[in-house]
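Notes follow once the structure below has been shown.
The values are calculated or read from the model by the stated rules, or taken from the named source; none is laboratory data. Just so it is clear, the structure is predicted and the values come from calculations on it, not from any experiment. For neighbour counting, all protein chains shown are included, and Cβ atoms are generated from backbone atoms with ideal geometry for every residue, glycine included. The area values use the complete protein model at the heavy-atom level, side chains included, leaving out ligands, DNA and RNA. Shrake-Rupley method; radii C 1.70, N 1.55, O 1.52, S 1.80 Å.
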Amino acid sequence: MTQKVDNGIIREMTSEEQTEHDARIADWNSKSADRKLAEIKEIRNQFLIGTDYMANSDYTMPDDVKTWRQTMRDIPANYTTESQYDLILAKDSDGNLTHSVWSK
């Protein structure tokens, strides 16, 4: 059994508490892909915001930027597994995203 701190006292969990604890851990682990996709969408949105000014009527957006922005919007449809999310979220030793999808 796992130990639990209850009002500063360490004690063994009851079987019901252990079952609840295990269910929470399983639930957390089962939503790992959802959390990663949410992170990817947040990063993507920040990249898109950085080029939103180019969508103004007084600016001609270059074709490569149009293509890149579409690629950004297509990420959820084109990358659908947790292992793909891990690749997209990979960073170098300086903390920079390394996947080519982020390159303009």
- (1) more than 18 Å from Val101 (Cα to Cα); (2) modelled with pLDDT of 90 or more; (3) among the hydrophobic types (A, V, I, L, M, F, W, C): which one isn't true of Ile10, the others all being true? (2)
- Message: Could you go through region 18-33 and let me know if any residue there is in contact (Cβ under 8 Å) with a residue 40 or more places away in the chain, closer than 26 Å to Pro76 by Cα and touching a Lys or Arg at 6+ places or on another chain (Cβ under 9 Å).
- Response: no
- Item | Residue check for Ala38: out of contact with any helix residue (DSSP H, G or I) (no Cβ under 6 Å at 6 or more places or on another chain) and either open to solvent by 90 Å² or more (accessible area, probe 1.4 Å) or part of a helix (DSSP H, G or I) (or both) | yes
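Name the residues in region 72-82 that are surrounded by fewer than 15 Cβ atoms within 10 Å (Cβ to Cβ) and of a type outside the set (A, V, I, L, M), would you?
Arg73, Asp74, Pro76, Asn78, Thr80, Thr81, Glu82
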- Message: When the residues of region 19-30 are narrowed to those that are among the charged types (D, E, K, R) and at pLDDT below 90, which ends up surrounded by the most Cβ atoms within 10 Å (Cβ to Cβ)?
- Response: Asp22
- Within region 83-102, how many residues turn out to be touching a helix residue (DSSP H, G or I) at 6+ places or on another chain (Cβ under 8 Å) and either surrounded by fewer than 12 Cβ atoms within 10 Å (Cβ to Cβ) or not in a helix (DSSP H, G or I) (or both)? 3
- Query: Of all the residues that make up region 47-56, how many are exposed (fewer than 10 other Cβ atoms within 10 Å of the Cβ) and within 16 Å of the chain's Cα centre (by Cα)?
  - Reply: 0
- Considering only residues of region 3-18 that are open to solvent by less than 90 Å² (accessible area, probe 1.4 Å) and assigned to a helix (DSSP H, G or I), which is farthest from Thr81 (Cα to Cα)? Ser15
- Message: Where the second residue is open to solvent by 50 Å² or more (accessible area, probe 1.4 Å) and charged (D, E, K, R) and the first is touching a residue at least 12 places away in the same chain (Cβ under 8 Å) and farther than 14 Å from Lys104 by Cβ and lies in region 60-78, which pairs have Cβ atoms under 8 Å and are six or more apart or on separate chains?
- Response: Ile75/Lys41; Pro76/Lys41
